[in-house]
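Asks: This is the structure I want to talk about, given as structure tokens.
Nothing in this text is a laboratory measurement; each read-out follows from the coordinates by a stated rule. These numbers were taken from a predicted model, which means no experiment stands behind them. Glycine gets a Cβ as well: all are built from the backbone with ideal geometry, and neighbour counts include every protein chain shown.
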Amino acid sequence: MRHEKAAQVLELARRMAASAEGLTLDEMARDLGVGRRTAERMRDAVREVFPQMEEVDDPPTRRFRIPAGLDGLFQAPSADELAALRAAHEHLRRAGASARAEDLARLELKVLAALRASARRRLAPDLEALMQAEAMAVYPGPRPFEDEALLSALRTAIKAMRRVRFRYLGGSAPGRVREVTPLGLLFGRANYLVAAEGEAVEPRTWRLDRIKDIEATDVPGVATTGFSLPAFVDRSFGIYQDAIEEVRLRIRPHGAEEAMGWRFHSTQTLTPQADGGVIVEFRASGMLELAWHLFTWGDKVEILAPRRLKAIMAEQLALAQASLAAATPGEC
């Protein structure tokens with residue numbers, strides 16, 4: 001078996017061992033980017049190397065898994081993988097995300113502790129070289145609020161599908177006590193809880209730094225059938241959720257190259273134009289956050305639609321101009 005094929009078979013075995021319910025042939029083909037017939041041959045190769053592989057009936061199909069996991073011999077990480085883990089830890093630490101940084105530090109410690117001494121010695125020089133040669137930029141912005149006790153309480157409620165109660169310092173009634181069903185956590189320039197309040201099934205966002213005096217309840221969470229956090233995020237440009245609109249932008253020729261490699265939104269389409277420009281189209285809410293982003297494009301972008309985005313952009317520009325005009329000569 002060629003080296004590339006052996007590596008693919010081992011990757012499939014790892015995926016089977018990592019999945020509690022197992023993988024179908026279609027899932028194997030999708031995850032490894034191969035055809036179904038190739039996935040069948042790779043499954044058979046896994047069975048030869050790992051006879052403990054199980055087949056589980058899951059009508060109308062079957063699933064395959066390795067329930068006892070893999071021996072550490074097959075699980076040793078590479079220097080590249082450890083460097084990526086350590087870089088992610090350092091990035092979170094420098095960005096102020098101390099709780100998640102500490103989680104990654106503990107994970108790295110567990111991985112290293114599970115390695116044989118010979119493997120650790122072999123990895124150490126390459127890992128040190130990579131850490132000296134790579135760095136991650138931390139951009140200016142608000143430090144994300146992360147309280148370990150708060151995150152732990154929310155994660156426990158999400159896993160148990162129970163409501164939590166807290167005093168919320170934001171919104172239209174600051175200080176009001178809220179009872180919500182936590183559905184997910186969003187981490188970014190500011191960190192948010194996604195939750196449904198009371199008996200409502202429509203989720204909304206709550207800033208973590210405005211949540212105080214949280215307590216768990218024994219009340220079951222409200223049913224949110226079909227809720228998907230990625231789909232919820234994709235509804236907006238950023239965090240704020242309001243009416244979804246059809247966005248159409250024209251990137252002028254001197255910004256086209258940058259635009260072709262830019263991700264504006266997960267639903268975007270990019271259409272090159274005869275004059276060298278690019279038309280960008282997507283559906284999203286959050287026009288205020290989009291307007292803030294478009295300022296970074298300077299004269300490279302022209303708003304074609306919606307009209308509300310144009311109005312918000314003009315309003316934000318007027319506010320900036322008024323602030324600049326109000327500055328005293330000594331402040332300029």
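Asks: If neighbour count is taken as other Cβ atoms inside 10 Å, put 312, 211 in order from fewest to most. Could the numbers behind the result be given before it?
Replies: Values: 312 19, 211 24.
Going from least to most buried by this count: 312, 211.
Asks: Please name whichever of 56, 23, 8 sits farthest to the positive end of the charge dipole of the range 3-57, dipole taken about the Cα centre and charges placed at Cβ: Lys and Arg +1, Asp and Glu -1.
Replies: Going by the Cα projections, it comes out as 8.
Asks: Just to be sure I understand: with springs between alpha-carbon atoms less than 10 Å apart, which residue in 184, 96, 198 has the highest mean-square fluctuation in the Gaussian network model of the chain?
Replies: Fluctuation is largest for 198.
Asks: What number, rounded to the nearest 500 deg cm²/dmol, is the helix-based mean residue ellipticity at 222 nm of the chain, given -39500 (n - 2.57) per DSSP H run of at least four residues and division by all its residues?
Replies: Working: 11 runs with 141 residues, N = 332.
Rounded to the nearest 500, the figure is -13500 deg cm²/dmol.
Asks: Can you tell me how the range 80-230 classifies by the Cα gyration tensor, rounded, prolate or oblate, using a/c under 1.5 as the rounded cut? Display every interim value, and only then the final one.
Replies: On the way: a/c = 2.94, a/b = 2.06, b/c = 1.42.
It is prolate, given that a/c is not under 1.5 and a/b is the larger ratio.
Asks: How high is the relative contact order of the range 245-323, in percent, with contacts defined as C-alpha pairs under 8 Å that are six or more residues apart?
Replies: Working: 108 pairs, mean separation 30.3, N = 79.
After rounding, I find 38 percent.
Asks: To the nearest 20 debye, what charge dipole does the range 76-133 have about its Cα centre, counting +1 at the Cβ of each Lys and Arg and -1 at the Cβ of each Asp and Glu?
Replies: On the way: 10 positive and 8 negative charges, 42 e Å.
Once rounded to the nearest 20, the dipole reads 200 debye.
Asks: To make sure I understand the rule: partners must be lysines, Cα under 29 Å from the Cα of residue 300, and not fewer than 8 residues away in the same chain. Which ones qualify?
Replies: Counting by Cα, and skipping residues close in sequence, residue 300 has these lysines nearby: 310.
Asks: Among residues other than residue 216 whose Cβ falls under 13 Å from its Cβ, what is the net charge (Lys/Arg +1, Asp/Glu -1)? Walk me through the numbers on the way to the answer.
Replies: Working: positive: 155, 159, 162, 163, 165; negative: 179, 213, 215, 218.
Taking every other residue near residue 216 into account, the sum is +1.
Asks: Which lysines, on any chain, are close to residue 212 with Cα under 24 Å apart, when same-chain ones fewer than 8 places away are left out?
Replies: The reachable lysines, counting only those whose Cα sits under 24 Å from residue 212, are 159.
Asks: Let me check against my output: what whole-number percent is the relative contact order of the range 149-212, with C-alpha pairs under 8 Å and at least 6 apart?
Replies: On the way: 107 pairs, mean separation 16.8, N = 64.
Value for the range 149-212: 26 percent.
Asks: Just checking my list (i) -0.61, -1.28; (ii) -0.77, -1.35; (iii) -0.54, -1.26 against log10 I(q)/I(0) by the Debye sum over Cα atoms at q = 0.09, 0.16 Å⁻¹ computed from this structure; which label fits?
Replies: Computing log10 I(q)/I(0) by the Debye sum over Cα atoms at q = 0.09, 0.16 Å⁻¹ and matching it to (i) -0.61, -1.28; (ii) -0.77, -1.35; (iii) -0.54, -1.26 gives (ii).
Asks: Could you tell me the relative contact order of the chain? Use alpha-carbon pairs under 8 Å, at least six residues apart, and round to a whole percent. Before the final figure, lay out the partial values.
Replies: Numbers: 458 pairs, mean separation 30.7, N = 332.
Once divided by the residue count of the chain, the mean separation gives 9 percent.
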